[in-house]
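Down below is the structure, laid out as structure tokens.
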Amino acid sequence: MNQHIPRKRFGQNFLQDSRIIESIVHAVNPGPDDTVIEIGPGLGAITRPLLDRLRQLHVVEIDRDIIGRLKKEFPADKLVIHEGDALAFDFASVAGKLKIVGNLPYNISTPLLFHLASYGDHVVDMHFMLQKEVVDRMVAEPSCADYGRLSVMLQYRFEMESLIDVPPDAFWPPPKVESAVVRMIPAAGRCGVATDEAILEKLVLQAFAQRRKTLRNNLKGLLTDDEFTGLGIDPTLRAENIGVEQYVAMANMLAAR
Ligand code: SAM
């Protein structure tokens, strides 16, 4: 087969470090009958060792040239290929509780994480290679510079752990940034339950609209000082100082009106 020319627009940085690949598969730890979906299999760096451990593997891939290669290399009953955009893929269409894995295209990683966040009920766990800077934001605690909307909305739904730091030379071609592997395990209810998740999402977006401003300023017109006090929240704090539970409490106060 001809050599594949990496496509920038599909965020193609292929893993070539066998130790890193091995540690990802070890972290995923698939059993033979698990239902596993790999997002963006590319040239198969993670696909092959996963298939060594599985009866069947599902993949979602957008690049037609790559799909052609995968079809040539793997029998259709071993590798089930879903052609298309992972951002539009209905992960609930694959039966069973899912383990999802991927060295994700960095250009779509944040919208993809938000898309996947809605499938918590269908998922056992997820392991993703992402820009380290994104992983740092996902796992950040309140009052850290990295803590923001992504931290709150994902920590509301998942327990997350940064597992492996990965340098650029683990990939071909090497990306300009450091990467990291993160584990996400659904943990709905851990920080309370929002009665209306759409309200929680809007509230968090507005609270972080201007990071340097106080909650009182960013949430003007939504919550009064008395309501902040009733919830035990100091309105002169900034959005980055507030824990996930407190966001849920504010959202539930708004939802109850
Ligand atoms: N898993 C391979 C590896 O580790 O070497 C490839 C990883 S590469 C960073 C990202 C992969 O995702 C590529 O195969 C790319 O074609 C695919 N991809 C990019 N955008 C996609 C999308 N929107 N939906 C599905 N796959 C996508």
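So, R0 is 30 Å and r is the distance between the beta-carbons of A76 and H26; what FRET efficiency does that work out to, to 0.05?
Details: r = 28 Å, r/R0 = 0.92.
Once the sixth-power term is evaluated, E becomes 0.60.
Expressed in nm to one decimal, what extension gain is obtained for the pair R53 and V193 from 0.36 nm per residue of sequence separation less their Cα-Cα distance?
Numbers: separation 140, 0.36 × 140 = 50.40 nm, distance 3.69 nm.
The R53-V193 span can extend by a further 46.7 nm.
Is the shape of the range 1-84 rounded, prolate or oblate, going by the alpha carbon gyration tensor and its root eigenvalues a ≥ b ≥ c, with a/c under 1.5 for rounded and a/b larger than b/c for prolate?
Values: a/c = 1.86, a/b = 1.27, b/c = 1.46.
Here the range 1-84 falls in the oblate category.
Percent of accessible area on the range 156-198 owned by carbon and sulfur, 1.4 Å probe? Don't jump to the answer; show the numbers that get you there.
Values: 1170 of 2170 Å².
Carbon with sulfur: 54 percent of the solvent-accessible area.
Can you work out the accessible area per residue across the chain, with the rest of the protein chains kept in place, probe 1.4 Å, in square angstrom?
Per residue, the chain has 49 Å² of solvent-accessible surface.
If you plug each phi of the range 79-95 into the Karplus form 6.51 cos²θ - 1.76 cosθ + 1.60 with θ = phi - 60°, what whole-Hz ³J(HN,Hα) values come out, in order, with x for Gly and Pro?
Whole-Hz 3J(HN,Hα) from phi for the range 79-95: 10, 8, 9, 9, 7, x, 8, 4, 5, 9, 6, 8, 5, 6, 6, 9, 5.
Per DSSP helix of 4 or more residues, -39500 (n - 2.57); summed, then divided by the residues of the chain. What does that give at 222 nm, rounded to the nearest 500?
Calculated at 222 nm, the ellipticity per residue is -9500 deg cm²/dmol.
Taking Cα atoms of the chain, Rg/Rh with Kirkwood Rh, to two decimals?
Working: Rg = 20.2 Å, Rh = 19.6 Å.
Checking Rg against Rh, the ratio lands at 1.03.
Just to confirm the number: angle between the C-alpha axis of helix 18-28 and the first principal axis of the chain, 0 to 90 degrees, nearest 10?
The angle comes out at about 60 degrees.
Not counting ligands, DNA or RNA, and with a 1.4 Å probe, what is R48's accessible surface area in Å² rounded to the nearest 10?
The accessible area of R48 comes to roughly 90 Å².
Can you figure out the FRET efficiency of R211 with K176, using R₀ = 35 Å and their beta-carbon distance, to the nearest 0.05?
On the way: r = 25 Å, r/R0 = 0.71.
Between R211 and K176 the formula returns 0.90.
Full extension from I185 to F14: what is 0.36 nm times the residue separation minus their Cα-Cα distance, to one decimal in nm?
In short, 59.0 nm is gained.
If one puts a single equal scatterer on every Cα of the range 110-200 and applies the Debye formula without solvent, what log₁₀ I(q)/I(0) results at q = 0.21 Å⁻¹?
Results for the range 110-200 at q = 0.21 Å⁻¹ read -1.06.
Expected output is a single nm value to one decimal: the length gained when fully extending between T229 and E83, i.e. 0.36 nm times separation in residues minus the C-alpha distance. What is it?
Working: separation 146, 0.36 × 146 = 52.56 nm, distance 5.17 nm.
Full-extension gain reported as 47.4 nm.
The values are calculated or read from the model by the stated rules, or taken from the named source; none is laboratory data. Predicted, not measured: the structure shown is a model, and the values here were computed from it. Reconstructed Cβ throughout: ideal geometry from the backbone, glycine too, with neighbour counts over all protein chains shown. The accessibility values were calculated without ligands, DNA or RNA, using every heavy atom of the protein model including side chains. Shrake-Rupley method; radii C 1.70, N 1.55, O 1.52, S 1.80 Å.
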